[in-house]
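Asks: Handing you a structure now.
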Amino acid sequence: MNIFNGKVAIITGAGSGIGKALAEELACRGAHVVINDINAERIRSVSEGIAAAGGAVTASTLDVSNYDAVKKMIEDTAGAHGRIDYLFNNAGIAVGGPAEDFSIDDWRTVIDVNLYGVVHGVAVAFPLMVNQGFGHIINTASIEGLVPVATNPSYVTSKYGVVGLSNALRIAGADLGVRVSAVCPGFIKTAIFTDSKLINIDRQKSIEAMERLSGVTPEQCAKDILRGVERNQAFIVVTAFARILWWLHRLSPDYILWRVLVDYRKLKKEGVILK
């Protein structure tokens, strides 16, 4: 049974990567997708592609760190359609580098988008869904919200926050008809690794190191996420490697912290980290 057919789904950060793939897959399954992204050109291209394929789509530019803008988008969607079935809080950015080299702006920029962007969506959509008696909020975190990585301290901070928020909301919504899931992808072949700001990191060597990992395409990731939504999973962990890391971290957190430290030292030795 296709649970997405005829439903209303909002996807933030839908201009590329996982968000784009989610929008296209949901539209193919009959959902009316309400997509937005801070990049006007990208979101226009995605919208045109979905419409050309016969999908139902509404698109706009949006900065998720702006609460008033997020509030208006969600309320306008609910007003136009009479309900919201799914909210995919997916927009995200990253800044990579050693923590000692981060400015306060490097911390704030990532946390404002990755964590407060989710909080803004939740603050509006959760009570709306409680009032309508149904709905599912899907928050994109990361395997780095379950297992820390030293080269992305602000990203890790934001994604751990998203996981904690999602778990708390899942409990709060359990008796109110609202479902909540945290998506924790491993390596997905998206542009985030080329678009991100890097501090004292060799970009090419960093990309090459990531490509040695076992990853999946955004399209496969979207299918895995929607399978998890269908099953109402609390944690939707994408890629086999990410699931193994998560399992090992739960089994022995100290071992994983030691293993990540070894890898961090290796990145320094290989010149990925330029100091």
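Each reported figure results from applying straightforward, stated rules to the coordinates on display, with no laboratory input. The structure presented is a predicted model; accordingly, all values stated were derived computationally and were not measured. Every residue, glycine among them, receives a Cβ derived from its backbone with ideal geometry; neighbour counts consider all protein chains shown.
Asks: Can you list the equivalent-ellipsoid semi-axes of segment 50-158, largest first and in whole Å, using the square root of 5 times each Cα gyration tensor eigenvalue?
Replies: Three semi-axes, in Å: 30, 15, 14.
Asks: OK, next. If only Cα atoms are counted, what is the Rg of the chain, and what is its Dmax, in Å?
Replies: When restricted to Cα atoms, the chain yields Rg and Dmax of 18.3, 57 Å.
Asks: Given labels modelled 7 Å from the Cα in the Cβ direction, how far is it in nm from Ala174 to Gln132?
Replies: Once both label points are built, they end up 2.4 nm from each other.
Asks: Cα axis of helix 218-230 to longest principal axis of the chain: angle in degrees, 0 to 90, nearest 10?
Replies: 60
Asks: Running a GNM on the chain with Cα contacts under 10 Å, which residue among Arg83, Arg212, Arg203 ends up with the highest mean-square fluctuation?
Replies: Top of the fluctuation ranking is Arg212.
Asks: If you don't mind, another one. I'd like the orientation of helix 67-81 relative to the chain: the angle between its Cα long axis and the longest Cα principal axis, in ° from 0 to 90, rounded to 10.
Replies: Value to nearest ten degrees: 40.
Asks: To continue, here is another question. If r is the Cβ-Cβ distance from Lys275 to Arg231 and R0 is 51 Å, what FRET efficiency results, to the nearest 0.05?
Replies: After rounding, the FRET efficiency stands at 0.70.
Asks: Give, in nm to one decimal, the length gained when the segment between Asp76 and Glu41 is fully stretched (0.36 nm per residue of separation minus the Cα-Cα distance).
Replies: 10.4 nm
Asks: Would any residue of segment 78-92 have its amide N under 18 Å from a label point 7 Å out along Cα→Cβ of Ile3? List them or say none.
Replies: 84-89
Asks: With angles folded into 0 to 90 degrees, how steeply does helix 40-52 sit against the dominant principal axis of the chain? Use alpha carbons for both and round to 10.
Replies: In the chain, helix 40-52 runs at an angle near 50 degrees to the longest axis.
Asks: Longer than 27 Å from Cα to Cα, which of Lys223/Lys266; Lys197/Lys266; Lys20/Lys268; Lys20/Lys159; Lys20/Lys275; Lys72/Lys223 are they? Say none if no pair is.
Replies: Those over the limit are Lys223/Lys266; Lys20/Lys268; Lys20/Lys275; Lys72/Lys223.
Asks: Nearest 20 debye, what's the magnitude of the dipole of segment 8-269 about its Cα centre given +1 on Lys and Arg Cβ and -1 on Asp and Glu Cβ?
Replies: I would put it at about 720 debye.
Asks: Would you please give the FRET efficiency between Ser214 and Ala51, computed as 1/(1 + (r/R0)^6) with r the Cβ-Cβ distance and R0 = 45 Å, to the nearest 0.05?
Replies: Working from the Cβ atoms, E equals 0.85.
Asks: Relative contact order of segment 8-269: what whole-number percent is it, with Cα pairs under 8 angstrom and at least 6 residues apart?
Replies: Relative contact order, segment 8-269: 18 percent.
Asks: I'd like the antiparallel share, as a percent to the nearest 5, of DSSP beta bridges with both residues in the chain.
Replies: Counting only bridges with both partners in the chain, antiparallel ones make up about 5 percent.
Asks: How far apart, in nm, are the 7 Å Cα→Cβ label points at Ile207 and Arg243?
Replies: Those two pseudo-labels are separated by 3.0 nm.
Asks: Given the rule -39500 (n - 2.57) for each run of at least 4 DSSP H residues, summed and divided by the residues of the chain, what is its mean residue ellipticity at 222 nm, to the nearest 500 deg cm²/dmol?
Replies: -16500 deg cm²/dmol
Asks: Work out, step by step, the length gained on full extension between Tyr264 and Asn167: first 0.36 nm times the residue separation, then minus their alpha carbon distance; give nm to one decimal.
Replies: 32.0 nm
Asks: In addition: Can you give me the long-range amide H partners of Val34? Hydrogens built in the peptide plane at 1.01 Å from N, cutoff under 5 Å, separation of 5 or more residues or another chain.
Replies: Distant-sequence amide H within range of Val34: Ala9, Ile10, Ile11, Thr58.
Asks: In addition: With springs only between Cα atoms under 10 Å apart, run a GNM on the chain and tell me which of Lys205, Lys71, Lys223 wobbles the most.
Replies: The residue with the greatest mean-square fluctuation here is Lys205.
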